[in-house]
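The values are calculated or read from the model by the stated rules, or taken from the named source; none is laboratory data. Just so it is clear, the model here is predicted, and its values are computed rather than measured. Using ideal geometry, Cβ is built from the backbone for each residue, glycine included, and neighbour counts are taken over all protein chains shown. In case anyone asks, the SASA skips ligands and DNA or RNA and just uses the protein heavy atoms, side chains included. Shrake-Rupley method; radii C 1.70, N 1.55, O 1.52, S 1.80 Å.
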Amino acid sequence: MSLSCTVLGMEFQNPVLLAAGTCGFGRELREVLDLEALGGIVTKSVTLEPRAGNPAPRVAEIPGAMLNSVGLANPGVDAVARDHLPWLRDHVRRPRPNVGGIPFSLDHGALAQVVSAVRPRTARPLVVKLAPNAPDLAATAEVAVGAGADALTVVNTLPGLALDPGSGVPRLGAGAGGLSGPPLKAVGVAAVRRIRDRVDVPVVGVGGILTAEDAREYLLAGASLVQIGTGSFAAPRVGERVIRGLERERRSHA
């Protein structure tokens, strides 16, 4: 049986996407995995002007998880439109651009202002990504939807810090970073459930997905789609493996 699903009026051949910041603009992974097997990809963040990003090191592995502080390094929107979007259009079944900016999702006023400003500027679906450390995530979701969000993505990374045990120097060049990986799964699943109980828009679940069982938890919590992020660094073909696992589950229950 097919895993295809329709979300925001778009047909996805399966609900498994690669998360922002882990697959570049897609082209970087074309020799590593079958992009056409995926439900889609989320490009890395794009800002108006080019950004060099944070000082190295930008990624640190810690027990069972990862810290990163890339700093939204990207070539800027003009270069992305010129050099990357044409390739994405021709080679990826369902790309989903990701636009970065300041972390406004923790401030309800700023969140409403940003979303309501973006809403009239595009007829495309507007998906807002929320941070897991919001004091009241469900209320934050209501603000985003009220301002014009068509769907929500949860969760982003959690703030974290790792120090060298000898010197006490931060292991990331920028100091603190964002925690991702398996520990984030329970946070993400809970966030999806809380938000689906409060607002009636599609929710994309992301955080700690390594297996088909992980993805199924998000779907059972109410997610319409899932994204795989940190798992791709450990096993670049993990997305394909999750899809095959979901297909086996679907056949066994047919």
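Scan the range 171-203 for residues that are open to solvent by 10 Å² or more (accessible area, probe 1.4 Å) and of a type in the set (V, I, T) and the total you get is 4. Within the range 145-158, residues that are touching a residue at least 60 places away in the same chain (Cβ under 8 Å) sit with their Cβ atoms under 8 Å from residues that are charged (D, E, K, R), at 6+ positions apart or across chains, in these pairs: T153/K129. Going residue by residue through the range 88-97, is there one that turns out to be under 23 Å from L225 (Cβ atoms), open to solvent by less than 20 Å² (accessible area, probe 1.4 Å) and of a type in the set (A, V, I, L, M, F, W, C)? The answer is yes; a qualifying residue exists. Cβ-Cβ under 8 Å, sequence separation 6+ or interchain: first residue in the range 32-57 and in contact (Cβ under 8 Å) with a residue 60 or more places away in the chain, partner surrounded by 23 or more Cβ atoms within 10 Å (Cβ to Cβ) and part of a helix (DSSP H, G or I). Which pairs? So the pair list comes out as L33/G239; A37/G239; L38/G239. Considering the range 175-242, the qualifying helices (runs of 4 or more DSSP H), each wholly inside and each with 2 or more residues that are more than 20 Å from C5 (Cβ to Cβ) and either of a type in the set (G, A, S) or out of contact with any Phe, Trp or Tyr (no Cβ under 8 Å at 6 or more places or on another chain) (or both), run over 185-196, 231-234. Contact map, the range 225-246: residues that are surrounded by fewer than 20 Cβ atoms within 10 Å (Cβ to Cβ) paired with residues that are of a type in the set (D, E), Cβ distance under 8 Å, separation 6+ or inter-chain. Pairs shown: E240/D34; G245/E213. Residues in the range 24-46 that are over 19 Å from G76 (Cβ atoms) and of a type outside the set (D, E): L29, R30, V32, L33, L35, A37, L38, G39, G40, I41. Scanning the range 144-164 for residues that are under 17 Å from the mean Cα position of the chain (by Cα), within 17 Å of G207 (Cβ to Cβ) and surrounded by 19 or more Cβ atoms within 10 Å (Cβ to Cβ) gives A151, L152, T153, V154, V155, N156, T157. Criterion applied to G205, G166 was being among the small types (G, A, S) and without any contact (Cβ under 8 Å) to a residue 24 or more places away in the chain, and the one residue passing it is G166. Note on the range 39-65: residues that are open to solvent by less than 70 Å² (accessible area, probe 1.4 Å) and either more than 24 Å from L130 (Cβ to Cβ) or out of contact with any Cys (no Cβ under 9 Å at 6 or more places or on another chain) (or both) amount to 11. Quick one: in the range 129-143, which of the residues that are within 17 Å of the chain's Cα centre (by Cα) and farther than 27 Å from A60 by Cα is surrounded by the most Cβ atoms within 10 Å (Cβ to Cβ)? By that ranking, first place goes to A141.
Checked against (1) surrounded by 15 or more Cβ atoms within 10 Å (Cβ to Cβ); (2) in contact with a Phe, Trp or Tyr (Cβ under 6 Å, 6 or more places away or on another chain); (3) assigned to a helix (DSSP H, G or I), A110 passes all but condition (1).
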